[in-house]
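Undergrad: One structure, pasted below without further comment.
Since every read-out is calculated from the coordinates, none of them should be taken as a lab result. Only a predicted model underlies this, so the values are computations on that prediction, with no experimental measurement involved. Every residue, glycine as well, gets a Cβ built from its backbone with ideal geometry; the counts of neighbours run over all protein chains shown.
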Amino acid sequence: MEKTTYNRQKLNADIVHIGLGAFHRAHQAVYTDLCNETMEKPWGIYDINLFGSAELVDALNAQHCLFTVVEKSASSTTCRQVRSIAGALHTPVSGIQAAIDKLTEPQVKIVSLTITEKGYCTDPQSRRLDVNNSLIRHDLTMPREPQSAIGLLVEALRVRREKSLPPFSVLSCDNIPENGVLTKNAVLDFANQLDAGLATWIEQKVTFPGTMVDRIVPAMIPEQFAVIEAQTGHADPCGVVCEDFRQWVIEDNFVAGRPEWDKAGAMFVQDVVPYEEMKLRMLNGSHSFLAYNGSLIGYEFIYECMADPVLNAAVTHLMIEEQARSLDPNLHVNVDQYARLLVARFSNPHIKHKTSQIAMDGSQKLPQRAIDPWRTLQTRNVKSAALAILIAGWLHYIIRAISLGQDIADPLKDEFYSQVAQMDSQWERAYALLRIESIFGTLATTDNIFLNEVQKAFSAIEADGVHAAINCLSGQGKI
Ligand code: NAI
Ligand code: CS2
């Protein structure tokens with residue numbers, strides 16, 4: 001078991017993190033733990049969960065916030081005990097005031113977030129605060145008792161300003177393009193609805209550094225808890241099993257200092273955008289391609305999709321011939337090498353990453369993973385047949401779930417149901433979904449090439465299934 005040795009008795013809540021999920025435990029908590037080993041004064045993280053069950057927070061506190069991360073490559077295993085978390089609270093139990101109190105402790109320097117794409121309560125196309133979101137509607141009427149992360153941040157900043165406490169930096173670690181800018185806009189849009197003076201103060205005093213975050217950390221399943229127990233001899237309800245790879249690129253723009261995360265391998269840069277675009281399109285876009293199409297074939301896990309030669313070839317084509325060609329031409333990364341690394345990471349059989357997990361919240365993911373690259377490829381005159389299959393796969397996935405009466409994990413699920421309800425044919429259902437502007441903008445009604453390509457891919461999947469659709473396009477030299 002690898003274990004750091006710094007003195008954690010005096011860990012403070014220097015960082016308050018909202019969203020104690022699997023990813024945070026295997027990524028930011030590990031980086032902080034490793035860099036603490038080299039720093040004179042270690043940085044502590046205090047975690048807040050606004051949603052989900054209380055079990056995780058209770059279990060973490062019961063084990064003094066120590067937990068195991070098992071890192072698995074295809075051929076090796078490393079176990080580490082992570083020691084950087086100082087405490088945790090769950091607002092449905094402790095109340096929102098406990099979270100506000102924590103965020104307004106004077107020593108808090110960074111508030112970081114892994115709250116999933118939907119946690120920002122923004123419209124995926126306009127990328128501004130969605131004032132019709134039910135959490136935001138609640139918070140705008142009761143700003144002192146917020147339910148959303150955005151409402152909580154604004155309330156904490158309001159109190160800090162009132163008490164003349166120093167501001168903190170807000171560090172989004174979610175898979176969203178320009179996540180810093182998006183968070184800033186959401187916070188300012190919210191603050192402006194309440195108090196323009198507060199919004200101006202936030203704009204002047206608070207920074208929102210952008211980040212690119214990467215490590216594949218699947219939701220835990222019983223089989224993976226058993227892996228931890230077998231490795232360490234102890235059950236750990238807070239432990240996670242993830243891949244050995246990790247990457248973190250951070251815009252170096254902090255108002256109250258930051259840990260030396262670079263000592264643990266993070267990169268501080270002036271501009272994160274090229275890195276995040278590469279990762280969101282090549283990695284996450286390919287993940288979504290496999291999640292929807294692999295699930296239609298019947299695969300439960302990503303490594304099973306990669307063992308299928310047709311899907312493997314198609315996703316490799318998507319990475320290299322489509323997504324990579326949509327990127328900034330000045331990006332100094334060998335994209336072929338990056339794609340090879342992704343193929344190896346996705347193929348790791350020890351990482352039990354469910355297609356159904358990645359398929360969740362498609363309405364929040366498709367814009368950056370499929371629609372933005374589509375638009376760029378159109379302007380560059382590059383064929384996008386695999387992107388069309390990604391989108392067609394999503395359409396079939398949603399329509400299938402509706403026809404089976406299954407619950408859909410997506411904040412727009414009610415809209416999906418109502419759009420599809422009156423339609424008779426499969427294509428009419430698909431077309432109704434494609435007209436949802438917060439996902440696709442006006443592409444379906446204004447761009448014939450988009451509509452034709454997606455319809456072709458959709459009909460091919462409908463007629464003969466995913467394999468035949470891919471083979472048909474590859475026979476035509478498109479994939
Ligand atoms: P998880 O399901 O383990 O945790 C999700 C966390 O988000 C929970 O703490 C939950 O309380 C919180 N949350 C959910 N909805 C929320 C809302 N509306 N407002 C505030 N908090 C909310 O998921 P996991 O694996 O930790 O992933 C979380 C996010 O981290 C992803 O959506 C992604 O953006 C990012 N990420 C995840 C990676 C992974 O491989 N798991 C890798 C890279 C980034
Ligand atoms: C995945 C990501 O759930 C998803 O949508 O594509 O969480 C992916 O595992 C990470 O971004 C890898 O860094």
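Undergrad: Could you give the angle, 0 to 90 degrees to the nearest 10, between helix 385-403's Cα long axis and the longest principal axis of the Cα atoms of the chain?
TA: Here the helix axis deviates by roughly 80 degrees.
Undergrad: Run through every distinct alpha carbon pair of the range 349-438 and return the Kirkwood hydrodynamic radius in angstroms, one decimal place.
TA: On the way: mean 1/r = 0.0702 Å⁻¹.
Result for the range 349-438, one decimal place: 14.2 Å.
Undergrad: Enumerate the calculated ³J(HN,Hα) couplings along the range 105-121 in order (Karplus 6.51 cos²θ - 1.76 cosθ + 1.60, θ = phi - 60°), each rounded to whole Hz, writing x wherever the residue is Gly or Pro.
TA: Per-residue couplings from phi come out as 6, x, 7, 5, 10, 9, 10, 9, 9, 9, 10, 6, 4, 6, x, 7, 6 Hz.
Undergrad: P(r) for the range 18-84, please, calculated from all Cα pair distances in 10 Å bins and given in %.
TA: Taking every Cα pair in the range 18-84, the percentages come to 18, 50, 27, 5.
Undergrad: Now a separate question. For the range 54-165, just list the percent of Cα-Cα distances falling in each 5 Å bin from zero outward, please.
TA: In whole percents, the pair-distance histogram is 2, 10, 15, 17, 17, 14, 11, 8, 4, 2, 0.
Undergrad: I've got another one for you. How long are the semi-axes of the ellipsoid equivalent to the range 140-233, from square roots of 5 times the Cα gyration tensor eigenvalues, in whole Å, largest first? It would help to have the intermediate numbers written out before the result.
TA: On the way: eigenvalues 248, 49, 33 Å².
Result for the range 140-233: semi-axes of 35, 16, 13 Å.
Undergrad: What is the projected area of the convex hull of the Cα atoms of the chain, averaged over all directions, in nm²?
TA: Numbers: hull surface 89.0 nm².
Over all viewing directions, the chain projects a mean Cα-hull area of 22.2 nm².
Undergrad: Treat every Asp and Glu Cβ in the range 332-479 as -1 and every Lys and Arg Cβ as +1, leave all other atoms uncharged, and give the resulting dipole magnitude about the Cα centre to the nearest 20 debye.
TA: On the way: 15 positive and 14 negative charges, 128 e Å.
Approximately 620 debye in magnitude.
Undergrad: Evaluate the relative contact order of the chain (contact order divided by residue number), counting alpha-carbon pairs under 8 angstrom at least 6 apart; express in whole percent. Intermediate values should be presented prior to the final figure.
TA: Values: 847 pairs, mean separation 66.7, N = 479.
The normalised contact order for the chain reaches 14 percent.
Undergrad: Starting from the alpha-carbon convex hull of the range 237-371, give the projected area averaged over all orientations, in nm².
TA: Numbers: hull surface 40.6 nm².
Spelled out: convex hull of the Cα atoms, projected over all directions, averaged, 10.1 nm².
Undergrad: At Asn7 and Glu145, where each label point lies 7 Å from the Cα along Cα→Cβ, what is the point-to-point distance in nanometres?
TA: 4.3 nm
Undergrad: Rounded to whole Hz and in sequence order, give me ³J(HN,Hα) for the range 93-99 from the Karplus expression 6.51 cos²θ - 1.76 cosθ + 1.60, θ = phi - 60°, writing x for Gly and Pro.
TA: 9, 7, x, 5, 4, 4, 5
Undergrad: Using the count of nearby Cβ atoms within 10 Å as a rough guide to exposure, how do Ile45, Ile399 rank from fewest to most? Please list the in-between numbers first.
TA: Working: Ile45 27, Ile399 21.
Ranking Ile45, Ile399 by Cβ neighbours within 10 Å, fewest first, gives Ile399, Ile45.
Undergrad: Shifting gears a bit: Which three extents, in angstrom, do the Cα atoms of the range 187-244 have along their principal axes, listed largest first?
TA: On the principal axes, the range 187-244 reaches 56, 22, 15 Å in Cα extent.
Undergrad: Of Tyr417, Tyr120, Tyr31, how do they rank once you tally other Cβ atoms within 10 Å and put the fewest first?
TA: Working: Tyr417 14, Tyr120 26, Tyr31 23.
Fewest-to-most Cβ neighbours within 10 Å comes out as Tyr417, Tyr31, Tyr120.
Undergrad: Hey, fewest Cβ within 10 Å first, where do Phe51, Phe168, Phe67, Phe301 land in order?
TA: Details: Phe51 14, Phe168 27, Phe67 23, Phe301 20.
With the sparsest Cβ surroundings first, the list reads Phe51, Phe301, Phe67, Phe168.
Undergrad: How would you order 99-107, 457-465 from highest to lowest mean count of nearby Cβ atoms within 10 Å?
TA: Working: 99-107: 16.9, 457-465: 18.4.
So the order, starting with the most tightly packed, is 457-465, 99-107.
Undergrad: Between the range 368-429 and the range 67-109, how many Å separate their Cα centres?
TA: 35 Å
Undergrad: Against the globular-protein guess of 2.2 N^0.38 Å, express the Cα radius of gyration of the range 298-401 as a ratio, rounded to two decimals.
TA: Numbers: Rg = 14.2 Å, N = 104, 2.2 N^0.38 = 12.8 Å.
Normalised Rg, Cα atoms only: 1.10.
Undergrad: While we're here: With label points built 7 Å along Cα→Cβ from the Cα atoms of Ser347 and Leu165, find their separation and express it in nm.
TA: For Ser347 paired with Leu165, the spin-label model returns 5.1 nm.
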